[in-house]
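The values are calculated or read from the model by the stated rules, or taken from the named source; none is laboratory data. Just so it is clear, the structure is predicted and the values come from calculations on it, not from any experiment. A quick note on method: Cβ atoms are made from the backbone with ideal geometry, for glycine too, and the neighbour counts reach across all protein chains shown. Side chains are part of the model used for accessible areas, which takes the heavy atoms of the whole protein and leaves out ligands, DNA and RNA. Shrake-Rupley method; radii C 1.70, N 1.55, O 1.52, S 1.80 Å.
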Amino acid sequence: MVELTALTPCNGILPIQTGETTLSEVDPGRITALMPFKGQSADLKTALQAAHGLRFPEPGQATVAEGASCVWTARGQAFLMGPAPDDSLARFASVTDQSDAWTVVLLAGLDAEDVLARLVPIDLRLSVFPEGTAARTLCQHMTVHISRRAEGLQLMAFRSMARTLAHDIGEAMASVAGRRAAG
């Protein structure tokens, strides 16, 4: 009998380290889309806080608790990342497993912001995009979601774009490291 082994989206292509900057794959745990039913936003917020110790994020924000995070992803939508959602959430929101649809990577190190400045049309400097901030934007031609974490910049892209995402960021990392080395 054939035994299948699940592979992560970036299996065999990450991590990449160039200079003092590293791009690595993140295991976010389960990724669950939460979309409040009409008139149920307040109840969902209360249930999420009670069940997972997380606030439902405001637009452009991410909230973090022990072993879990909730990241704004679109109008009226956030992703619960980490644990399986508590059953109580389904009373107030559409709860959809998105785990297999996304690749999640972390860009960390000295040149992380300079690397992404070559690829995304938003300002990711720490003074403008502090920890707990989230944005939906483009990275080259791909739609991505970026959030600032304590450990660096976390990017989410569709799983089908994992190789392209890693390639584009890797190329930008090499370019920035080359400029730094040249002086």
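The trypsin sites (Lys or Arg not before Pro) of the range 1-60 that meet both conditions, a loop assignment by DSSP and at most 14 other Cβ atoms within 10 Å of the site Cβ, are Lys38.
Using a probe of 1.4 angstrom and keeping all protein chains present, the accessible surface of the chain works out to 53 square angstrom per residue. Values of log10 I(q)/I(0) for the range 66-183 across q = 0.12, 0.13 Å⁻¹ run -0.48, -0.55, by the Debye formula with one identical scatterer at each alpha carbon and no solvent. Taking only the alpha carbons of the range 54-96, we obtain Rg and Dmax values of 10.0, 26 Å in that order. Across the chain, C-alpha contacts under 8 Å between residues 6 or more apart give a mean separation that, scaled by the residue count, equals a relative contact order of 25 percent. For the range 72-114, the Stokes-Einstein estimate of translational diffusion at 20 °C and a viscosity of 1.002 mPa s comes to 163 µm²/s, using the Kirkwood hydrodynamic radius over alpha-carbon pairs. Accessible area per residue was computed with a 1.4 Å probe on protein heavy atoms; Phe158 scores about 100 Å². An oblate overall shape is assigned to the range 1-122, the ratio a/c of its alpha-carbon gyration tensor axes (a ≥ b ≥ c) being 1.5 or greater and a/b not exceeding b/c. Using the Cβ-Cβ distance between Ala101 and Ala50 with R0 set to 35 Å, the FRET efficiency works out to roughly 0.80. What the phi angles of the range 150-165 give under the Karplus curve with 6.51, -1.76 and 1.60, with θ = phi - 60°, is a coupling list of 4, 8, x, 9, 9, 10, 10, 9, 4, 3, 5, 9, 4, 5, 5, 4 Hz, glycine and proline written as x.
Working note: Karplus 6.51/-1.76/1.60 with θ = phi - 60° gives the range 30-38 the couplings 7, 10, 10, 6, 10, 10, x, 5, 3 Hz, where Gly and Pro are set to x.
Shape analysis of the range 50-127 places it in the prolate category; the axes a ≥ b ≥ c from the Cα gyration tensor give an a/c of at least 1.5, with a/b above b/c. Of the whole protein surface, His141 contributes about 130 Å² of accessible area at a 1.4 Å probe radius. Stretching Gln17 away from Gln40 to a fully extended chain increases their span by 3.8 nm, per 0.36 nm per residue minus the current alpha-carbon distance. Exposed loop positions in the chain were taken to be GluC sites (Glu not before Pro) whose DSSP state is not H, G, I, E or B and which have at most 16 other beta-carbon atoms within 10 angstrom. Between these positions, the longest stretch is 67-130. Calculate how steeply helix 41-52 sits against the longest principal axis of the alpha-carbon atoms of the chain, using the helix alpha-carbon long axis, and give the answer as 0 to 90 degrees to the nearest 10. Relative to the chain, helix 41-52 is tipped by roughly 70 degrees. Estimated from helical segments only, the mean residue ellipticity of the chain at 222 nm is -7000 deg cm²/dmol, where each DSSP H run of four or more residues counts as -39500 (n - 2.57).
Using C-alpha pairs under 8 Å with a sequence gap of at least 6, the mean separation divided by the residue count of the range 63-170 gives a relative contact order of 25 percent. Spatially, the range 78-95 and the range 7-28 are offset by 28 Å when compared through their Cα centroids. Local charge sum around Ala174 (other residues, Cβ-Cβ under 14 Å, Lys/Arg +1, Asp/Glu -1)? Net charge in that neighbourhood comes out at -2. In terms of its C-alpha gyration tensor, the range 93-145 comes out prolate, because a/c is 1.5 or above and the ratio a/b outweighs b/c. By accessible area, using a 1.4 Å probe on protein heavy atoms only, the chain has 51% of its surface on carbon and sulfur.
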